[in-house]
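Participant: Dropping the structure in here first, questions after.
The values are calculated or read from the model by the stated rules, or taken from the named source; none is laboratory data. Everything numeric here is computed off the predicted structure, so don't read it as measured data. Ideal geometry is used to build each Cβ from the backbone, glycine not excepted, and the neighbour counts take in all protein chains shown.
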Amino acid sequence: MKTKILLSVVLILMFPCVVQGVLIEDWLIRTLLQDYNELAYPGTTDNETVVVKHDMTLLRIVEFDGTKLTIDAWLGTEWRDPRLCWASSPINIRLPISKIWTPDIVLYDNPDTRTRFTPNAIVDQSGLVYFSLPIRLEVDNCQQSHDEFKCTFKFGSWTFDGFKIDLQNRSRIIDLSNFQQHNSYEIIDTSVVRNVLYYTCCAEPYPDITYTVDLKQPKTGWFDRL
Ligand SMILES: *[C@@H]1O[C@H](CO)[C@@H](O)[C@H](O)[C@H]1NC(C)=O
Ligand SMILES: *[C@@H]1O[C@H](CO)[C@@H](O)[C@H](O)[C@H]1NC(C)=O
């Protein structure tokens, strides 16, 4: 076994691939990430505010018991990082989010979100970074009025105030174009609201994006129609 490995190492050393032309991304990514510090947020001395935009695509209701709602969603996050700009082609590249700074936007109620998959971000020439995170989210704040239920998902930065991370909604709506109907509850309304909180102690704003999902059990359910 050992000699086999050794032999293949020798063969690889002896017969490297012939590369014709320049590898399109190789030099670019090495240059961009050479002195890149992924711990440093991309605020500058000219402007310390980084605008971070957030959106939600709702895929399915996993479970709902009247107060606790579990959903599968994609969370989109977008911002600009002036360290990741270039002038040549390609117009965009993909980088693992572990290699670059990312804003610490979390679900306030329940930040334990257990994502195993770490997606790539798409970075364009102007330094615009976007990634979409597939995630299972759970809240237990659903309020009932009559036969309707209202559940909210509130997102904000865990450590940055609004002077450093200005959190904004990337869309006016929750994207339902990929939503799979649930067999006992239907979504009758959704909303996206940006709130800004101030505390008496301090001057900084604390922005959040709150997504609301209104559910209802249809009167003529699947069983009634049988
Ligand atoms: C800093 O950037 C934010 C977001 O782009 C903008 O709203 C603000 O006016 C800028 N501040 C200064 C001092 O340029
Ligand atoms: C954010 O939400 C507000 C209020 O619904 C809306 O007017 C605005 O257009 C939204 N921003 C974007 C980028 O869609």
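Participant: For the stretch 163-179, name all the residues that are within 23 Å of Thr102 (Cβ to Cβ), more than 7 Å from ligand 2 (Cβ to nearest atom) and surrounded by fewer than 16 Cβ atoms within 10 Å (Cβ to Cβ). Even if it seems obvious, please write down each step before you answer.
Facilitator: Step one: list which residues in the stretch 163-179 are within 23 Å of Thr102 (Cβ to Cβ), which gives 163-171, 174-175.
Still in the list and also more than 7 Å from ligand 2 (Cβ to nearest atom): 163-167, 174-175.
Selection gives Phe163 alone.
Participant: Right, next: Which condition number does Trp101 fail, the rest of (1) within 16 Å of ligand 1 (Cβ to nearest atom); (2) surrounded by 12 or more Cβ atoms within 10 Å (Cβ to Cβ); (3) farther than 30 Å from Lys150 by Cα being met?
Facilitator: Every condition holds for Trp101 apart from (1).
Participant: Here's a follow-up. Here are Asp147, Asp124, Asp81: which of them is surrounded by fewer than 17 Cβ atoms within 10 Å (Cβ to Cβ) and without any contact (Cβ under 8 Å) to a residue 60 or more places away in the chain?
Facilitator: Details: Asp147 fails: without any contact (Cβ under 8 Å) to a residue 60 or more places away in the chain; Asp81 fails: surrounded by fewer than 17 Cβ atoms within 10 Å (Cβ to Cβ).
Just a single option satisfies the conditions, and that option is Asp124.
Participant: Any residue in the stretch 65-77 that is touching a residue at least 24 places away in the same chain (Cβ under 8 Å), within 12 Å of ligand 1 (Cβ to nearest atom) and surrounded by 15 or more Cβ atoms within 10 Å (Cβ to Cβ)?
Facilitator: Keep residues of the stretch 65-77 that are touching a residue at least 24 places away in the same chain (Cβ under 8 Å), which gives 66-77.
Keeping just the survivors that are within 12 Å of ligand 1 (Cβ to nearest atom) gives none.
No, that holds for no residue.
Participant: Examine the stretch 147-158 for a residue that is within 16 Å of ligand 1 (Cβ to nearest atom), in contact with an Asp or Glu (Cβ under 7 Å, 6 or more places away or on another chain) and assigned by TED's automatic domain parsing to the domain that holds Arg60, and state whether such a residue exists.
Facilitator: Yes, that holds for at least one residue.
Participant: Looking at (1) assigned to a strand (DSSP E or B); (2) within 23 Å of Ser171 (Cα to Cα), find the lone condition where Gln144 falls short.
Facilitator: The single condition Gln144 does not satisfy is (2).
Participant: May I ask you to say which residue of Ser89, Ser126 is at pLDDT below 95, hydroxyl-bearing (Ser, Thr, Tyr) and in the same structural domain as Gln144 (by TED's automatic domain parsing)?
Facilitator: Numbers: Ser126 fails: at pLDDT below 95.
Exactly one of Ser89, Ser126 is at pLDDT below 95, hydroxyl-bearing (Ser, Thr, Tyr) and in the same structural domain as Gln144 (by TED's automatic domain parsing), namely Ser89.
Participant: Could you list all residues from the stretch 174-200 that are in contact (Cβ under 8 Å) with a residue 60 or more places away in the chain, polar (S, T, N, Q) and not in a loop (DSSP other than H, G, I, E, B)?
Facilitator: Passing the criteria: only Thr190.
Participant: Looking at the stretch 159-173, which of its residues are in contact with a strand residue (DSSP E or B) (Cβ under 8 Å, 6 or more places away or on another chain), in a loop (DSSP other than H, G, I, E, B) and within 16 Å of ligand 1 (Cβ to nearest atom)?
Facilitator: In the first step, residues of the stretch 159-173 are kept if they are in contact with a strand residue (DSSP E or B) (Cβ under 8 Å, 6 or more places away or on another chain); the result is 161-173.
Of the ones still in play, those that are also in a loop (DSSP other than H, G, I, E, B) are 161-164, 170-173.
The answer is Asp161, Gly162, Phe163, Lys164, Arg170.
Participant: Consider the stretch 32-55. How many of its residues are touching a residue at least 24 places away in the same chain (Cβ under 8 Å), within 9 Å of ligand 1 (Cβ to nearest atom) and of a type in the set (D, E, K, R)?
Facilitator: Matching residues across the stretch 32-55 total 1.
Participant: Ok, one more. With (1) under 23 Å from Lys99 (Cβ atoms); (2) in a strand (DSSP E or B) as the list, and Pro42 as the residue in question, which single condition is left unmet?
Facilitator: The number of the failed condition is (2).
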